[in-house]
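Report on the following structure.
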Amino acid sequence: MKDYDDTTAFLGQWGPFQQIVFFLLCASIFPNGFGAFSLVYLTDIPSHHCLVPEVNLTKDWQEGIIPVKVVNGKEELSRCSRYRLDVVRNLSAQGYIPGRDVNLTDLEQEDCVDGWSYSTDIYQSTIVSEFDLVCSEQWKQPFTSTVYFLGVLVGSFLSGQLSDRFGRKPVLFATMAVQTFFTFVEIFSTSWTVFSILLFISGLGQISNYVSAFVLGTEILTGNVRVLFSSMGVCLAFAFGYMMLPLFAYFLRDWRSLLLALSVPGLLYLPLWWFVPESPRWLLSQGRVEEAETIVRDAAKRNQVQAPEVIFDNYNVQADETETHPKEHYNIFSLIWTRNIRNTTVILCMVWFSLSAGYFGLSLNTSRLHANPYISCFISAAVEVPAYISSWLALRYLPRRLSVICILLLGGVSLYLIQLVPQSLSDLSVALEMLGKFAITTGTALLFAYTAELYPTMLRNTATGTCTTVSRIGSCISPFLLQLSVYSEYLPYIILGTLAVVSSFASFFLPESFGRPLPQTIQQMHQRGRTREQDWTILTGCSHAATTAVNKIPEKPETNVKVVVQKNDHLLMFIHICFICK
């Protein structure tokens, strides 16, 4: 069976057809950028203290009824307690002055039985101030983000299989509709429970939309354009959407108004249905050759090139065979059928988990970077632009495996170094954290393209969806991971750094896909796996298998590699590793 890229080479790589697909799919990613991190503002905790009802108190007691506590070396008003109102009222009526006539440390305290008073200096309202997610209910604040990421997790799991079964295009637009509609409906939430349920459903469409658009573009586009799309196109679209979020939030400081503004752009994408085609690769994998040819011929017409009379001649035989033989369906269990696929899947899931935990942990931590959350969020978003440009350059010129290993090590080391920075150099700590965010963001962009290149067409979306599903476990725990700073300020950074370093070593055992066409069948993926087994054999000290591998290297007049190999098996190991990473 002829390779798809070679079969459709007559279309070229950057005609009007490819340009339309490229930019429209990138445009569909914009809502994902500002939707994913809207939780930074929706769940932020404004300054607050116990509400004091309007009772007859002197000015001194009105100012002194809230206890003062020392937190991280700074004095601040207690958020969850006040002096007993009946006692304070009695002392005020008798004319006593707090701190002079009365020792405040001797007064009995009580909880905020009348509610809380929230500062409106930064926000008019958030869901925290709306539903009082503070003090005894504070656990609901990080759990809200976890609920959203649980929806993303389930959406990743379902959309991958649905997309491989029913097509990339229907799932793309269905998940866009789910994301837009339920983001709008959240405005009418009357309680935290209702809001969380709607937020969960909204999360179902969030990453599903991203993955479907990513896979669709990866399968339609070819050559360097495909690399540009998968590494920079969708990623920069996501980053620009992310950078728009603080602009929306700055002018719309009420959480309901912000959600309304974030849901409206989704309506603009409905007409894209008539301009974005289905993936011809997927249609061919389903035996729907005529539909695939129709799309390719339409692309040729748009690009003003002449299409052959029969485009997918070898696929017709395959389509006839599927009519006489039961068609084999692939699902998530196909990812663990054989040793090669299973090893690749397990390692990728580990790397995806580490990157997701680090990415969302550092992104949700933006409100603590700067006194102004709008500036800190913009800085965190702006860092992603050079990160995605770096990923594109790495995907174009460097081996995939080597790039992932190096970028994970950079992220892990930078997060480790934060704990060594003195508190007087807070700007250096922020710079190291942003360097870690840069590395982890670059690694995430690399891994999307890397994962899509490793799996064949019939498993590509299922594999991508499964890996992103596992990664969502990391995003689900990231809000609570940040809470560990209560016990140790640097504990979250140490955990995230460790995950990155461990994943970098595991990535060494992944197959290489640089400069190779996308696999069409399971057999083609196995061939890459066998190459990886040879690398493993060498690393475990089997010199015979190593010698066999090196014997395939053509001898050059100036260097006789085989002679050196026979003399030193350890040198052989080093030489072969160099060829692996080349």
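The values are calculated or read from the model by the stated rules, or taken from the named source; none is laboratory data. Treat the numbers as computed from the prediction; the structure is a model and nothing was measured. Cβ: placed from backbone, ideal geometry, glycine included. Neighbour counts: every protein chain shown. The protein model used for the area step is the full one, side chains on, heavy atoms only, and it has no ligands, DNA or RNA in it. Shrake-Rupley method; radii C 1.70, N 1.55, O 1.52, S 1.80 Å.
Before moving on, here are some points about what is shown:
- Note on residue 505 and residue 5: with the Förster distance fixed at 25 Å, the Cβ-Cβ geometry gives a FRET efficiency of about 0.15.
- FRET efficiency, residue 62 to residue 498 (Cβ-Cβ, R0 41 Å, nearest 0.05): 0.25
- Paramagnetic reach from residue 101 (point 7 Å along Cα→Cβ, amide N under 17 Å) across the range 52-88: 56-65, 86-88
- Euclidean distance of C-alpha centroids, the range 420-475 and the range 111-133, integer Å: 34 Å
- Spacing of the two label points (7 Å from each Cα toward its C-beta) at residue 165 and residue 425, in nm: 5.6 nm
- For the range 226-279 versus the range 46-77, the gap between their alpha-carbon centres in whole angstrom: 42 Å
- A Förster radius of 35 Å combined with the Cβ-Cβ distance from residue 23 to residue 76 puts the calculated FRET efficiency at roughly 0.10.
- Cα→Cβ-extended label distance, 7 Å offset, between residue 119 and residue 290, nm: 6.8 nm
- Solvent exposure ordering (accessible area, 1.4 Å, most first) of 17, 30, 157, 251: 251, 157, 30, 17
- Extension reserve of the residue 188-residue 139 stretch, reckoned as 0.36 nm per residue once the Cα distance is removed: 15.4 nm
- Taken along the Cα-to-beta-carbon direction at a fixed 7 Å, the label points for residue 51 and residue 257 span 2.2 nm.
- Distant alpha-carbon pairs in the range 1-148 (separation over 22 angstrom), percent: 61 percent
- Compactness of the range 22-76 was expressed as the Cα radius of gyration divided by 2.2 N^0.38 Å, which yields 2.18.
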